[in-house]
1. With +1 on the Cβ of every Lys and Arg and -1 on the Cβ of every Asp and Glu, and nothing else charged, how large is the dipole of the chain about its Cα centre, in debye rounded to the nearest 20?
2. How high is the relative contact order of the range 16-103, in percent, counting Cα pairs under 8 Å that sit 6 or more residues apart?
3. Out of every Cα-Cα pair in the chain, what percent are more than 32 Å apart?
4. Please give the helix 288-297 orientation as an angle from the longest Cα principal axis of the chain, in degrees from 0 to 90, rounded to the nearest 10.
5. Farthest toward the dipole's positive end in the chain, which of 198, 289, 110, given Cβ charges of +1 (Lys, Arg) and -1 (Asp, Glu) about the Cα centre?
6. Please report, in whole Å³, the volume per residue of the convex hull around the C-alpha atoms of the range 256-317.
7. Rg over Rh of the range 7-148, using C-alpha atoms and the Kirkwood radius, what does it come to?
8. Using a Gaussian network model of the chain whose springs link C-alpha atoms within less than 10 Å, name the residue from 163, 301, 310 with the highest mean-square fluctuation.
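Here, each number is a calculation from the coordinates, and none is a lab measurement. None of these values were measured; they are calculated from a predicted model. Counting neighbours? That spans all protein chains shown, and the Cβs are built from the backbone with ideal geometry, glycine included.
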Amino acid sequence: MEITTQEGLLGPLLLARSAIDRSALLRGDAEWLKRAWEEGSNRVVIVDDGQALVRRSGGEVELVLLSTADAPEGERYLLGVDAEGVVYFAVSAPLADATHTGTLSRIVAPLSSSALGEGQTVTAGLRQVGSLLGDLHAGLLVYAVALEAWHSTHEFCPRCGNRTEVRAGGHVRVCPEDGSQHFPRVDPAVIMLVHDDADRCLLARGPQWPEGRMSVLAGFVEPGESLEHAVAREVLEEVGVRVTGPRYLGSQPWPFPRSLMLGFFARAASTEFVLDPEEIAEARWFSRAELLAALESGEVRLPPEVSIARRLIETWYGESLIGDW
């Protein structure tokens, strides 16, 4: 089964792309996993604290994929199989162990493909290169980063405290003492663009953000709560605005460390703000003309293209906008 770029009401969500079959039925087949690792044509993504090796090749930015023979030692996760039958793994290991090119540059800001010289190798994360990678490599990196983040915080059994063991191609950790199984966790979070009867959108700034950096509202879904109730609760708690008619538009994984962002539009039933100072430093209503003017002047900067927040704002606006963080 091949999965390609998914485009719905929000258009292409850059971290929701994939071009592999996750091959869940093969994860528990130890003999198949062993043969796949020994096959020289299969490929490995090395991931280190959310970072991977990327390079520019033929004008395109791509992951540096190693053969299994060249991969360093580390925890190993099965990512899946592509349409040509190539099997992909991730290995959690220091990036310095995966290259002999000397000192690597670490990219910490969004990258443009022209900023890399042909053949140049750097280390970067999803925020920096997620919008530049093709479907296959974007999907591989999202998957690898998400698994690495979960494994790094679930080394020990929550029942008895013993060190757990990686099984099922990296998709289960098993406690050898009590036999309990522990599976990768995903935390659902709603993210919503609120608009009012005057067709203005609500943007806000967190207290930890610099002046001018603004986005839509978001928050985690609580136990026993529907997505629609979470939308209404989070907006009311953060800015004091009541909303009606939440409308689901699309979702995107956000493995920082393990969120699934569920995008909504919601209509405001009130417009006066009562801000929660621990969550929100500033909130404003923008018409389309006001938002464009604020972006052009540099007064406001929007979330990066790789985020679902940016796609929600541009969907409301009606076209692409300028002004990344």
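1. Details: 29 positive and 47 negative charges, 35 e Å.
Here the chain has a charge dipole of around 160 debye.
2. Details: 135 pairs, mean separation 29.4, N = 88.
Here the relative contact order equals 33 percent.
3. Values: 18999 of 52650 pairs.
Across the chain, Cα pairs with separations above 32 Å total 36 percent.
4. Tilt relative to the chain: about 70 degrees.
5. Farthest towards the positive end: 110.
6. Hull volume over Cα atoms, normalised by residue count, gives 135 Å³.
7. Working: Rg = 14.9 Å, Rh = 15.5 Å.
Here the Rg-to-Rh quotient is 0.96.
8. 163
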